[in-house]
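Taking it in order: structure first as structure tokens, then the write-up.
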Amino acid sequence: LGTVCRACEERGLVELAKRGQVDWDRLHLIGVECTSEEAQICRCSHPRPTHAPTVVDAPPSAPEGGPSEDSAGVLPEAVEDRLEFWRYWSERCIKCYGCVYACPQCFCPACALESPLWVERGRVPPPFPAFHLIKAIHMAGRCTSCRECELVCPAEIPLTLLYRMVGRDVEDLFGYGTGASLEAVPPLLLALEEGARA
Amino acid sequence: MRYQSVLTICPFCGVGCGIHLQVMDGAAIGVLPARSHPVSEGRLCAKGWNAHAFLHRPDRLTRPLARENGELKETSWGQALDIVADRLDKIRAGTGSDTIGVLSSAKCTNEENYLLQKLARGALGTNNIDHCARL
């Protein structure tokens, strides 16, 4: 199966392969480099596909490690202000589940966000911060910042920023770069084996 | 296996968001938002994301039914319209036009909704007309 993909989508396919959702050996990836402008819009520091045997470059292609992925300039400094920041965005949520439907990494047949056990039915906006944090935590070691969630969100909630911060923690705490290598085991899969990794 | 992505309009409300219906072997299996659409710009609400869900439901009404001796029976459009016209006529003659109410639908076009209010006000003689498109 030939698949055209950006670097983030390529990393996403790596994560899907690790979870048995795609057969990596049957994929033929055609990578597409993003331009500097595109990388800047996405605040992406890894705009170049690394696994695809065929890569279409986009001169002038974006430099690796270029624009910052961090939250500086978007997220307030103080913790209380950050809480307010996320509360403000959460209250705009119309609970359309677009972020779940659009997410290539959301493949669970039974979604926690659609279970009345976790999310009260008929309540809009959804409970803060549980609703968005459930999704964010499930994105640990999965989200590759393709921004599909952000682009479909009618409330324009900066979801990718939230998932990126989880991804940053996963990298800092477990040394796991999401989608970076086919061999590394995602920390959430490892956690099932107690004591496998200190 | 034949897959098609059909660009169309969400049938639910008056906004008219652009959707791509995902069609597999003639059956609508999903919805994707249309990013090129000037109104919705690739965004949808919960109803839009599920706009395909009612299409193939087995309990969906596809033919007119008339109640006969308390039981719903399939009938022709001509007969169904005759029954409705006859009953509306009787109600109007009995208790008056203001005892009739008309409910329109967000699934209709503007033009169809206009025609229905014309029918309500002009033919039935009532101002009791409403719809679910006032979201």
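State whether the residues of region B:66-86 include one that is closer than 30 Å to B:H20 by Cα and β-branched (V, I, T). Scanning region B:66-86 turns up no residue that is closer than 30 Å to B:H20 by Cα and β-branched (V, I, T). Filtered by the rule that a residue be more than 19 Å from the chain's Cα centre (by Cα) and farther than 28 Å from B:Y114 by Cα, region B:14-30 gives B:Q22, B:V23, B:M24, B:D25, B:G26, B:A27, B:I29, B:G30.
For every residue, the table says whether it meets (1) closer than 30 Å to A:C96 by Cβ; (2) under 22 Å from the mean Cα position of the chain (by Cα); (3) among the polar types (S, T, N, Q).
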position: B:L44; (1), (2), (3): yes, yes, no
position: B:R63; (1), (2), (3): no, yes, no
position: B:G70; (1), (2), (3): no, no, no
position: B:W77; (1), (2), (3): no, yes, no
position: B:D86; (1), (2), (3): no, no, no
position: B:I91; (1), (2), (3): no, no, no
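Within region B:114-135, restricting attention to residues that are of a type in the set (S, T, N, Q) and touching a strand residue (DSSP E or B) at 6+ places or on another chain (Cβ under 9 Å), the residue that is farthest from B:T8 (Cα to Cα) is B:T126.
Selection of region B:1-28 for residues being over 25 Å from A:E150 (Cβ atoms) and aliphatic (A, V, I, L, M) yields B:M1, B:V6, B:V23, B:M24, B:A27, B:A28.
Cβ separations smaller than 6 Å between residues 6+ apart or across chains give the following pairs from region A:128-152 residues that are within 28 Å of B:I19 (Cα to Cα) to residues that are polar (S, T, N, Q): A:H132/A:S90; A:R142/A:Q105; A:T144/A:T178; A:S145/A:T160; A:R147/A:T160; A:E150/A:T160. Scanning region B:65-97 for residues that are of a type in the set (S, T, N, Q) and either without any contact (Cβ under 8 Å) to a residue 12 or more places away in the chain or under 30 Å from B:A51 (Cα atoms) (or both) yields B:N69, B:T75, B:S76, B:T95. I want to confirm something. Restricting to region A:21-58 and keeping residues that are over 18 Å from the mean Cα position of the chain (by Cα) and of a type in the set (G, A, S), which single residue is nearest to A:L182 (Cα to Cα)? Here the residue is A:A52.
Scoring A:M165 on the criteria (1) within 11 Å of the chain's Cα centre (by Cα); (2) part of a loop (DSSP other than H, G, I, E, B); (3) surrounded by fewer than 19 Cβ atoms within 10 Å (Cβ to Cβ) leaves a single failure, condition (2).
Yes or no: B:I19 under 30 Å from A:P125 (Cα atoms), within 14 Å of chain A (Cβ to nearest Cβ) and surrounded by fewer than 17 Cβ atoms within 10 Å (Cβ to Cβ)? Here the answer is no, as B:I19 does not meet what is asked. Regarding B:I100, is this residue over 28 Å from B:A51 (Cβ atoms) and among the hydrophobic types (A, V, I, L, M, F, W, C)? Yes, satisfied.
Taking region B:83-132 as the range and being part of a helix (DSSP H, G or I), of a type in the set (G, A, S) and within 25 Å of B:R63 (Cα to Cα) as the test, the residues that pass are B:A85, B:A120. For region B:97-113, which residues satisfy the criterion of being touching a strand residue (DSSP E or B) at 6+ places or on another chain (Cβ under 9 Å) and surrounded by fewer than 14 Cβ atoms within 10 Å (Cβ to Cβ)? B:G101, B:L103, listed by residue number.
Restricting attention to region A:84-119 and to residues that are more than 14 Å from chain B (Cβ to nearest Cβ) and touching a residue at least 40 places away in the same chain (Cβ under 8 Å), the residue that is farthest from A:L16 (Cα to Cα) turns out to be A:R87. When only residues in region B:39-82 that are away from chain A (no Cβ under 14 Å), in a loop (DSSP other than H, G, I, E, B) and aliphatic (A, V, I, L, M) count, which is surrounded by the most Cβ atoms within 10 Å (Cβ to Cβ)? Among those that are away from chain A (no Cβ under 14 Å), in a loop (DSSP other than H, G, I, E, B) and aliphatic (A, V, I, L, M), it is B:L55.
Rule-based calculations on the coordinates, nothing more; no lab input. No experiment lies behind these values; they were computed from the predicted model shown. Cβ coordinates were reconstructed from backbone atoms using ideal geometry, including for glycine residues, and neighbour counts include every protein chain displayed.
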